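Below is one structure; the comments refer to it alone.
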Amino acid sequence: MSLIRTSNNPAMLVWAREEVGYTIEQAAVAIGISVNSLKAAESGQSSLTLNQLRSAAEKYNCPFGYFYLSKPPHKKSYKPVPDYRIKPGFIGVEHYKLNLEIKRTRDRRLIYLDLIASLNLEIKSFRSLQKPPTSNLGSFIRERLGVVDSEISSLDFDQVYPYWKDKLENDGVLVYESQYIPDESAVIGVAIYYDLCPIILIKRGGNLNERKLFTLLHEYAHLLKGQSALNDAEAQTITQSNTNEARLEAECNLLAAEILVPSEKIKRDDYLELNSVEKMEYLANTFKVTYTTAAVCLKRFGLINQSEFSHLLELRRAANNQESSKDSEEVKIPRENLMRLDMGRPMFNAVLEAYSSGAIDLFDASKILNLRVKKIDKLASGMT
């Protein structure tokens, strides 16, 4: 019996919506129709127009043809990511665009696994920290990642984030970025744990670019603990715990800070004659972290008091606001570089390798990477 129907299947509308984790209200907003219209279509009382079905396929991130199947292509796979947002008013907010970005990252992971299988390559399992050492934890993880102090010190600040991202990708993590995580959700980072190819998703753009490095390591800390999580900016400021959520965020913040600035590498004598601003600048330049991260670490090590810490954060807020208010010419980033950021190096390279080996055709490679056909050929042949 054929799996293809001649008219769209109402049950598939329901399946596709639930696969992305939308409520019927969120889906109606996303598609641009009334809730009653969508309810009627899902119950089979009426049908969506072709344009509405195309919009649904786009918003559900599924092939248009799925709506005409007689049964789903696979079992329901949607699982909500545990919510560790702290900012009041945002806890539990499930904006449909956020769910869509999470689904896209999960789908990309599955595509990556298929590509690796087609290339007969092995993927090592990700190792969570079952029994972390009781001392020198930051250095222990840096050694695991292959981070070398001399390499860090030789980097320019704009090279630091790519350096750490590359180390995490080599540790088996798929790092994705997105400029489409909605501001309305307040989410700036997502960790999705799997034993094989866990995911980190980071919101890109605006003032968030300055905190991308700490966000990257914060989400990596969640993965090391074997936990998935949604995080907001407020969660990265938690140092004390009065709830289970706050406790986990405080632990991940401490672990991320230890990886970036290991306690045992701090030479306290170097800071004795410096004022608070000089201490911040010295630590930031030594470990190649942002001034804000440096201020947090200084407070953690007891090298500044609470008043000095608050003053440093206020200085950073003022500097960031001044920087963002400056009129600057927008830098045009080549689309293939944006796709590398969105997809991550492992997946981007796997697509090109699969195309070069004949495992996928040119049009599949173009569709996966969201690049023009001509660009795929140039990239695959080593041209820029």
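The values are calculated or read from the model by the stated rules, or taken from the named source; none is laboratory data. Computed from a prediction, not measured in an experiment: that's the story for all the values here. A quick note on method: Cβ atoms are made from the backbone with ideal geometry, for glycine too, and the neighbour counts reach across all protein chains shown. Just the protein is used for accessible areas: all its heavy atoms, side chains included, with ligands, DNA and RNA removed. Shrake-Rupley method; radii C 1.70, N 1.55, O 1.52, S 1.80 Å.
Within the shell defined by Cβ-Cβ distances under 14 Å, the residues around Ala359 carry a net charge of -4, with Lys and Arg each +1 and Asp and Glu each -1. Solvent-accessible area assigned to carbon and sulfur over region 74-134 amounts to 53 percent, based on a 1.4 Å probe. Each helix, a run of at least 4 DSSP H residues, gives -39500 (n - 2.57); summed and divided by the residues of the chain, these come to -16000 deg cm²/dmol at 222 nm.
Solvent exposure of region 1-124 amounts to 55 Å² per residue of accessible area, where only protein heavy atoms count and the probe is 1.4 Å.
Take the solvent-accessible surface of the protein heavy atoms, probe 1.4 Å, and return the percent of it on region 253-384 that carbon and sulfur atoms account for. The C+S portion of the solvent-accessible surface of region 253-384 is 50 percent. Taking amide H as placed 1.01 Å from N in the peptide plane, Ile188 has its amide H under 5 Å from the amide H of Asn231, Asp232, Ala233, each at least 5 places away in sequence or on another chain. Its relative contact order, with pairs defined as Cα atoms under 8 Å and 6+ residues apart, puts region 123-197 at 51 percent. The mean sequence distance of close C-alpha pairs (under 8 Å, at least 6 residues apart), as a share of the length of region 273-378, puts its relative contact order at 15 percent. What the phi angles of region 244-249 give under the Karplus curve with 6.51, -1.76 and 1.60, with θ = phi - 60°, is a coupling list of 4, 5, 5, 4, 5, 5 Hz, glycine and proline written as x. Return the subset of Lys165/Lys267; Lys97/Lys165; Lys165/Lys299; Lys39/Lys203; Lys71/Lys103 for which the Cα-Cα distance in this structure is over 22 Å, preserving the input order. Pairs exceeding 22 Å: Lys165/Lys267; Lys97/Lys165; Lys165/Lys299; Lys39/Lys203.
Evaluate the relative contact order of the chain (contact order divided by residue number), counting alpha-carbon pairs under 8 angstrom at least 6 apart; express in whole percent. Relative contact order of the chain: 15 percent. The Cβ shell under 11 Å around Asn275 holds other residues with a net charge of -3, Lys and Arg each +1, Asp and Glu each -1.
Which far-off residues, 5 or more places away or on another chain, put their amide H under 5 Å from the one on Gln179, with H placed in the peptide plane? Placed amide hydrogens put Arg204 under 5 Å from Gln179. Annotation for Thr49 and Leu121: the two label points, set 7 Å from Cα along the Cα-Cβ direction, are 4.5 nm apart.
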